[in-house]
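The values are calculated or read from the model by the stated rules, or taken from the named source; none is laboratory data. None of the values given here were measured: they were computed from a predicted structure. Every residue, glycine as well, gets a Cβ built from its backbone with ideal geometry; the counts of neighbours run over all protein chains shown. What goes into the accessible areas is simple: the full protein's heavy atoms, side chains included, and nothing from ligands, DNA or RNA. Shrake-Rupley method; radii C 1.70, N 1.55, O 1.52, S 1.80 Å.
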Amino acid sequence: MKFMADKQMTANQTGEWGQFWEASYLSPSPQFMAWQIDLDGQPGFADELRSATGRRHSCISGAAHAANVSNGTFDECEFRHFSLEKCSFTSVIFERCRFTSATFNSVKFSKCTFSKSHFLHVHFHECQFIDCQFINLSASAEHLSFGSTSIPARAFIGALMTNVEALPPTYTEDHQQHRLLRDKANLAWRIFSSNERNGDIDLHSEAYREFLLQDLKWRIANAAYVTRMDSKSVRIREKRREFKYLLSRFRYKTDKAFLMLAGLITDWGRSPARAFAGLFAVIAGFSVAYAWLATSGGWQDFFGSLPTAFVKSFSNTLVFGYSVYATNPQSDLDGILMALNAGLGLLWYSLVIGALAQRAVR
């Protein structure tokens with residue numbers, strides 16, 4: 001292992017550290033010390049991180065292999081031209097760090113905290129994030145990538161933010177928040193695609209949920225608002241008033257409502273049993289309704305009608321198009337009940353098949 005002697009690095013020409021919208025942005029920039037690592041399974045790197053002060057105001061570059069690090073802290077550090085392979089980090093804190101050019105291969109992060117940090121040109125390949133905390137992060141949707149990496153989508157996407165404390169005069173907070181919705185949708189898709197390749201059904205279902213919801217949030221916002229420059233070259237967000245966009249918003253909001261209902265019923269693909277329970281509840285509920293409708297009086301008559309009512313409900317729920325009852329309603333109310341029965345049966349049947357297929361392919 002070799003450590004290059006620390007060399008002081010000056011701030012950039014503007015005196016700022018990063019871009020104004022980054023979570024880690026600082027102005028003026030701290031003075032950084034260059035720290036270059038060349039590590040091949042030696043303990044020195046870990047020892048350095050276990051020191052009382054950790055690393056602060058360091059620009060870290062180089063490569064590390066097979067290092068196991070615990071209880072270290074990176075505080076206002078920049079990872080530039082940095083590569084890790086087959087390493088593990090346990091209870092390590094990354095506080096206001098910038099990952100401007102970094103590659104992580106087969107790296108395991110356990111109980112780590114990423115706070116006020118920014119990810120630019122970063123690639124995680126076959127990495128794991130276990131019980132990690134993500135707090136106030138920013139990321140480049142174009143350059144942050146994940147490959148076969150296990151990461152909790154809801155926690156990571158939920159932590160993404162845009163820094164509005166140092167907005168230039170030509171930007172508005174509404175404009176930046178609008179762009180953030182687009183970036184969240186793009187990154188949610190990348191995480192979902194990455195989690196799709198691992199065997200954790202919970203992470204996969206969570207990533208699927210997060211992608212669908214973030215994508216719909218972005219579509220609703222994009223149908224509601226447009227960003228442009230005003231006469232003073234200020235980037236602003238304006239409400240769309242054209243009728244076609246009103247229709248788009250209604251459609252996307254309807255999609256979101258049905259999506260939330262389907263997710264509630266199947267626990268986002270994790271629970272076929274919950275979908276089956278709902279299907280049986282539909283059959284049982286309409287069995288009672290049909291028996292009540294056929295009853296001429298008394299509980300004995302009601303219970304006597306239940307077996308026939310159950311067969312009718314079962315048939316209408318699962319095979320309405322082939323049911324002998326479909327074309328022979330006993331009354332207008334019976335026809336309305338059968339139509340509702342068929343609709344709910346189709347909904348639940350599709351959810352059960354979808355949840356089973358999700359389980360089967362995992």
Counting only protein heavy atoms and rolling a 1.4 Å probe, one gets per residue an accessible area for the chain in Å² of 51
About its Cα centre, the chain carries a charge dipole, from +1 on Lys and Arg Cβ atoms and -1 on Asp and Glu Cβ atoms, whose size in debye to the nearest 20 is 720
Looks like segment 117-169, by Cα gyration tensor root eigenvalues a ≥ b ≥ c and the a/c under 1.5 rounded cutoff (else prolate when a/b is bigger than b/c, oblate otherwise), is oblate
Distribution output for the chain: share of Cα-Cα pairs per 10 Å bin in percent, first bin at 0, values 5, 18, 22, 19, 14, 10, 7, 4, 1, 0
Residue span Val164 to Asp75: 0.36 nm per residue of separation minus Cα-Cα distance leaves a gain in nm of 29.9 nm
Bridge orientation stat for the chain from DSSP, antiparallel percent rounded to 5, came to 15
Taking 89-102, 61-74 and ranking on average Cβ neighbours within 10 Å, highest first, one gets 89-102, 61-74
A student applying the Cα gyration tensor rule (rounded when a/c is under 1.5; otherwise prolate if a/b is larger than b/c, oblate if not) would label segment 72-160 rounded
With 0.36 nm assigned to each residue of separation and the Cα-Cα distance removed, Phe258 to Glu238 gains 4.4 nm
Amide H neighbours of Glu78 at under 5 Å, excluding residues fewer than 5 places away on the same chain, with H built from the backbone geometry, are Ser58, Cys59, Ile60, Arg98
Mean projected area (nm²) from the convex hull of Cα positions in segment 145-255 is 8.2
For Glu16, the residues 5 or more places away or on another chain with a placed amide H closer than 5 Å to its own amide H are Ser29
For Lys253, the aspartates and glutamates lying under 14 Å Cα to Cα, once residues fewer than eight places off in the same chain are dropped, come out as Asp215
Pairs over 24 Å Cα to Cα, from Lys217/Lys239; Lys184/Lys256; Lys116/Lys184; Lys184/Lys239; Lys116/Lys232; Lys86/Lys111, come to Lys116/Lys232
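Which of the peptides 241-253, 272-284 is most tightly packed, and how do the rest follow, judged by the mean count of other Cβ atoms within 10 Å per residue?
Ranking, from highest mean packing down: 272-284, 241-253.
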Here segment 145-161 yields Karplus 3J(HN,Hα) values (6.51, -1.76, 1.60; θ = phi - 60°; whole Hz; Gly and Pro given as x) of 9, 10, x, 6, 10, 8, 9, x, 5, 5, 5, 5, 5, x, 8, 5, 8
The local net charge around Ala188, scoring Lys/Arg +1 and Asp/Glu -1 for residues other than Ala188 whose Cβ lies under 14 Å from its Cβ, equals +2
Any helix of the chain counts here only if DSSP assigns it H throughout, its Cα atoms span 20 Å or more along the axis, and its mean Kyte-Doolittle hydropathy is at least -0.5, and such helices are 201-224, 243-266, 272-294, 299-318, 332-361
